[in-house]
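Asker: Dropping the structure in here first, questions after.
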Amino acid sequence: MRAKRLRFLRDEVFIARPTAGSMHDAYQDRQSASLVLSRKHFKSSLAKRLAGLEGEEEKASAEELERIRWALQLAEYIQEAGLPVVASVEATANPMETWKRLFGSRRARTLRNRSRSWRPVREYLLVATGSPWPLGVWALIDYLESLALSEARMSRSAPDAVAAALSVLELAGQVSEADSIAGDTLWKATVESWRVTLQTGAPPRVQAEATPLAIIISCELYLFVGANSRHLRAIAWLFLVMHWAALRADDVLHIGPARLALTATGLCGVLTQTKTTGPGRKTREVPFFIGRRCGLAGVDWIKEGFDFWCSEDYSFARGFFLMKSTADYSTPNKRLMSADLLVAHIRLILSTLRQIHRPKGFSAEWTLDASEAPLVHTALLLFFKGHGPRHRLPSVAAAMGVAKAERDFVGRWGVDARQSSEYVLTAGQVVRGVQETVMKGLCGAGRNYDEEELFEKLKRWCCDCGVDPECTRPLRTLLNTHRGWCLGQDFPALVINENGQEETVRPLSEDSIALPVTALPAEELKSSAGPAPCWVSVAKRSGFRRLHKWAGCGVNPWQVYTIDVWKPTAASADAVCKVCARFILVGALPEGTGSSSSGSSSSEDEPSEPPAKGAEAQVVGISPAQALGGIPSPVINLL
């Protein structure tokens, strides 16, 4: 027993936290921060049984047995009350099967909640009125009043829970509209009044906060550290998927394993069951999408994590997606992981993330701190909830001015408002477009988004925990530039070619860049005493070359990687600068350029007067339609 206890000690994350309002809140905080308690805690007997099953058929059978159990419990309440549906059910050839199907497509959890909510109401009615069913609306109103005066008090959800249970029983029991209590205006007004009364003076509702960008970047780099446990790296990938696809912790449990695919356009998958979708619901399944270039650290985290989940250890047949692992987190053990346990694993990962550094020089990648300094203080672990990733992308998109109609595709709120085929055909392009907009805004500004409000909340949380607010400093990544808040890096952070493969994860260094520019002959090189009349700017990642005339535009050669060109030809560059094109066309350079009588250019190369009207320009090989993106103008004469 002692050895088993010691084995799990490393899974515990001991955290400073604000004072809990009750013993229940304290236990919830402790349970959510400990893998040991999360492993042993089950919200229902069904969850406990599902945790011990492996086969898809066994799990489906267990869920159906649980649904039948609570359906028959509610059926007993209906039979005891003698509602009109009893006669119809008893007249069927197999009444027991009819009772099992009386509540339609409602899930076991819904039926369980309705049964538990009605049980104390029935007990009160038997004592107060002698009948298991309310004789009138007054009986239920008296029940709420007595519940408010009892020692246990009334919870904020009690009036709505009683109203929901009553509605289900009357609907299944075929109570007529004239005799229905659930539709009575007096009953509705009473429930609404109690709802307002109970919410007045109550503590504010705790909402899941957004995840700082530093955590997202560090998680991308976390996947490439071989020293990290394999299963924790797989969960870190899932944590990133939750952010870019706007998923809850509950949603990722039921991603279709066999339908997860990585294509040239990005990652796509199907949610087979969520809070509002699944078998028996209006929408049975819903897809999600992540663009191929999504990411901020400059590494191909999508493919790295996708390879984990496609490996032999994770490719077994199952009816769920996320599974538990062995004690050392090396391999999965083929058992379903609950949402609470997933959140506990995510917090364990956050506690091991390292601080990050910005790209330097020609590198486009963020790097991890060599000293292995922690990024997230232990006092901040409980600040991040399992629902935080669900709202991250829609919130940032809203701050950047993305229309609500497009944001609804990201959060899948519009799936029920459209035909199923219409949503599937259009959602992928819309979602990837929103993701591109958000990444552009985060990388190079131009759109209004900052994390100042988030960091104010983090500082208040630190003060409540008795921790120095300066511990949040490593989480700051956005820079306040003249264009606004941004990461100050190029977009996209990762370049992917048409085949969907990584093109330049690690950009070439300055010394290793080889340019396919026409070399200057040796005799010309000897005679060139002055600076070159033209130069080519080179993109540091893609290697795209653009021809410029010296001092012909506002681009400064000393701010970019360049190469001098004395005698430009069609092979000298991929395109011509739009501003410099007019000078190249007429051969007239602004004063103070590198073109002079002592240079390599002659008056023949650079005529002092523009060609006569109607004269044909000599075509060297680059047309403005190609070089200037289709802008209509005469053919450029490079010489």
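Asker: Run through region 300-366 and list the trypsin sites (Lys or Arg not before Pro) located in a DSSP loop whose Cβ has at most 15 other Cβ atoms within 10 Å. Don't jump to the answer; show the numbers that get you there.
Answerer: Details: sites: 303, 318, 324, 334, 335, 347, 354, 360; in loops: 318, 360.
Sparse-neighbourhood loop trypsin sites (Lys or Arg not before Pro): 360.
Asker: Exceeding 21 Å between C-alpha atoms, which entries from my cross-link table qualify? They are 385/457; 404/457; 404/440; 549/578; 275/385. Don't skip to the answer; put the middle values down first.
Answerer: On the way: 385/457 14 Å; 404/457 26 Å; 404/440 19 Å; 549/578 11 Å; 275/385 17 Å.
With Cα atoms farther than 21 Å apart: 404/457.
Asker: Something else about it: With the cut-off at 1.5 for a/c, could you classify region 42-199 from its C-alpha gyration tensor as rounded, prolate or oblate?
Answerer: Details: a/c = 2.29, a/b = 1.34, b/c = 1.71.
Oblate, because a/c is 1.5 or more while a/b does not exceed b/c.
Asker: How much length, in nm to one decimal, is gained on full extension between residue 179 and residue 228, taken as 0.36 nm per residue of separation minus their Cα-Cα distance?
Answerer: Numbers: separation 49, 0.36 × 49 = 17.64 nm, distance 6.38 nm.
Length difference between fully extended and current span is 11.3 nm.
Asker: Please list the non-local residues whose amide H lies under 5 Å from the amide H of residue 356, H modeled 1.01 Å from N, same-chain partners needing a gap of 5 or more.
Answerer: 369
Asker: In whole angstrom, and with the biggest value first, how far do the Cα coordinates of region 213-481 range along each principal axis?
Answerer: Largest to smallest, the principal-axis extents are 51, 46, 42 Å.
Asker: Ranked by Cβ crowding within 10 angstrom, fewest neighbours first, how are 239, 544, 320, 491 ordered?
Answerer: Details: 239 24, 544 12, 320 21, 491 16.
Neighbour counts put them in this order, fewest first: 544, 491, 320, 239.
Asker: By counting other Cβ atoms within 10 Å of each Cβ, how are 352, 185 ranked from fewest to most? Mind dumping the intermediate values first?
Answerer: Numbers: 352 18, 185 8.
In increasing order of surrounding Cβ atoms, one gets 185, 352.
Asker: Around residue 354, what is the net charge, scoring Lys/Arg as +1 and Asp/Glu as -1 over all other residues with Cβ under 13 Å from its Cβ? Numbers along the way, then the final one.
Answerer: Details: positive: none; negative: 220, 369, 372.
Value of the local net charge: -3.
Asker: Could you tell me the largest-minus-smallest coordinate of the C-alpha atoms of region 258-345 on each of the three principal axes, in descending order and whole angstroms?
Answerer: 41, 36, 25
Asker: Taking 1 over the mean of 1/r across every pair of different Cα atoms in region 299-395, what Kirkwood radius in Å do you get?
Answerer: On the way: mean 1/r = 0.0617 Å⁻¹.
The Cα-based Kirkwood calculation yields 16.2 Å.
Asker: Taking the Cβ of residue 235 as the center, what net charge do the other residues with Cβ under 13 Å away carry, scoring Lys and Arg +1 and Asp and Glu -1?
Answerer: +4
Asker: Expressed as a rounded percentage, what relative contact order does region 213-481 have, with Cα pairs under 8 Å and six or more residues apart? Intermediate values should be presented prior to the final figure.
Answerer: On the way: 403 pairs, mean separation 61.1, N = 269.
Worked out over region 213-481, it gives 23 percent.
Asker: For residue 189 and residue 88, FRET efficiency with R0 = 45 Å and r from the beta-carbon atoms, rounded to 0.05? Please report the intermediate quantities before stating the final value.
Answerer: Details: r = 33 Å, r/R0 = 0.72.
In this case the efficiency is close to 0.85.
Asker: Another one. Based only on other Cβ atoms within 10 Å, what is the fewest-to-most ordering of 387, 357, 482? Let's see the in-between values first.
Answerer: Working: 387 17, 357 11, 482 5.
Ranked by crowding around the Cβ, least crowded first: 482, 357, 387.
Asker: Moving on. Restricting attention to region 177-256, which GluC sites (Glu not before Pro) occupy a DSSP loop and are surrounded by at most 14 other Cβ atoms within 10 Å?
Answerer: Working: sites: 177, 192, 209, 220; in loops: 177, 209.
Answer by residue number: 177.
Bear in mind that the values in this text are calculations on the coordinates, not laboratory data. The structure displayed is predicted, hence computed values, not measured ones. Neighbour counts run over all protein chains shown; Cβ positions are idealised from the backbone, glycine included.
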